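To keep things clear, I will list the structure first and then write my remarks on it.
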Amino acid sequence: MKIVIMDGSAANPGDINWAPLEAIGEVTAYDVTTPDQIIERSKDAEIIITNKTPFTKETLDQLPNLKYIGVLATGYNVIDLQAAADKGIVVTNVPEYGTYATMQHTFALLLELTNHVALHSDSVMDGDWVRCPQFCYWKSPLMEIYGKTIVVVGYGKIGSKVCETAKAFGMNVIAVPHHITKAQDNGIKFSTFEDAAPKADIISLHAPLTQETNGLINKNVISTLKDGVLIVNAARGPMVVEQDIADALNSGKLGGYATDVVSTEPMKENNPLLGAPRAIITPHIAWAPKETRERLIVAAAENIKAFLSGNIINKVN
């Protein structure tokens, strides 16, 4: 069984191993695969593992040996699912592996917006505290999140954990689920986004990217928000209109925007968020703790084992 990993360095830059997959078959792992290398590297493979390397209909037409594509992620939009299904190629994903890591990163972003830890640490290292006549100082206003209203868009595994954690911080939590079937859950209120957004001190995005959520935060929505609202995005970049976010940061309407994702990744040099005031951007690393990536590889191996046994799990096509 030949297994080819197309872009392995994202999940495994060398600090973990592919042992769960190597126990199944002969593994060839490439760090990165460019579009012109896909066919050559995949032509003999029965099983492909990919994260962001795309497999279009035209590509699949040239891979007669291929039986299975395992997406080393939750999102699988890089695969032409219909073309794969037409050819009898099974496509699976890993729907849950980074719930706690993403929740953790969400609050790392939020607390950076409210407490400015990096700003103050850099200031101390530059000698500002040594020169300070008082026992303390702060270079930017600090914000207590206790008692603040957070609107969490998405109430899946990650969104619900963010709600649970926000509640532990003493926040007033309003969740925006895909479908509202009841008024609340464990003290967490449910609402539509339109009704909840104007009440928010903080908005945290955790919904999948769909037609409904694409461009969810735009200039029209921003105009309805409280002045100084904070927005955290640990979902997908296109859920916000980045130019509108940048404009609102520059005008002072938004108190801050912290994101782990942008509309095009890797980030383009003309992204309007670059250099915007009160913007914090991390390079899509919410999923990246070592423990999380190890869990991801194990889950991908379990998907393959289930496929080989005829009891397919996590099939998306």
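So here's what we get for this one:
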| quantity | calculated |
| --- | --- |
| Filtered residues of the stretch 272-294 (kept if of a type in the set (S, T, Y) and either farther than 18 Å from T50 by Cα or in contact with a Leu (Cβ under 6 Å, 6 or more places away or on another chain) (or both)) | T282 |
| Helices (runs of 4 or more DSSP H) fully within the stretch 1-106 counting 1 or more residues that are basic (K, R) and touching a residue at least 12 places away in the same chain (Cβ under 8 Å) | 38-42, 57-60 |
| Identity of the residue in the stretch 100-140, among the hydroxyl-bearing types (S, T, Y) and surrounded by 17 or more Cβ atoms within 10 Å (Cβ to Cβ), that ends up farthest from I285 (Cα to Cα) | S123 |
| Whichever residue in the stretch 186-199 is over 26 Å from K219 (Cβ atoms) and in contact (Cβ under 8 Å) with a residue 24 or more places away in the chain and, among such residues, is least open to solvent (accessible area, probe 1.4 Å) | I188 |
| Any hit, the stretch 284-298, residues being touching a strand residue (DSSP E or B) at 6+ places or on another chain (Cβ under 7 Å), in contact (Cβ under 8 Å) with a residue 60 or more places away in the chain and of a type in the set (A, V, I, L, M) | no |
| Qualifying residues in the stretch 1-15 (those that are within 21 Å of the chain's Cα centre (by Cα) and modelled with pLDDT of 95 or more) - the one surrounded by the fewest Cβ atoms within 10 Å (Cβ to Cβ) | P13 |
| Among (1) open to solvent by 60 Å² or more (accessible area, probe 1.4 Å); (2) touching a Phe, Trp or Tyr at 6+ places or on another chain (Cβ under 9 Å); (3) without any contact (Cβ under 8 Å) to a residue 12 or more places away in the chain - the single one Y146 does not satisfy | (3) |
| Leading residue by the ranking (farthest from I158 (Cα to Cα)) among those in the stretch 200-253 that are β-branched (V, I, T) and surrounded by fewer than 20 Cβ atoms within 10 Å (Cβ to Cβ) | T224 |
| The one condition in (1) in contact with a Ser or Thr (Cβ under 9 Å, 6 or more places away or on another chain); (2) surrounded by fewer than 17 Cβ atoms within 10 Å (Cβ to Cβ); (3) more than 19 Å from A235 (Cβ to Cβ) that A300 fails to fulfil | (2) |
| Any hit, the stretch 57-76, residues being open to solvent by 50 Å² or more (accessible area, probe 1.4 Å) and within 30 Å of L230 (Cα to Cα) | yes |
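Here's the yes/no breakdown for (1) open to solvent by less than 70 Å² (accessible area, probe 1.4 Å); (2) closer than 29 Å to Y68 by Cα; (3) in a helix (DSSP H, G or I):
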position	(1), (2), (3)
G255	yes, no, no
V261	yes, yes, no
T264	yes, yes, no
K268	no, no, no
N271	yes, no, no
H284	yes, yes, no
E291	no, yes, yes
A306	yes, yes, yes
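The values are calculated or read from the model by the stated rules, or taken from the named source; none is laboratory data. Predicted model, so just to flag it, every value in this text is computed and none were measured. Cβ sites come from the backbone with ideal geometry, for glycine too, and all protein chains shown count toward neighbours. Keep in mind that these areas ignore ligands, DNA and RNA; they rest on the heavy atoms of the full protein, side chains included. Shrake-Rupley method; radii C 1.70, N 1.55, O 1.52, S 1.80 Å.
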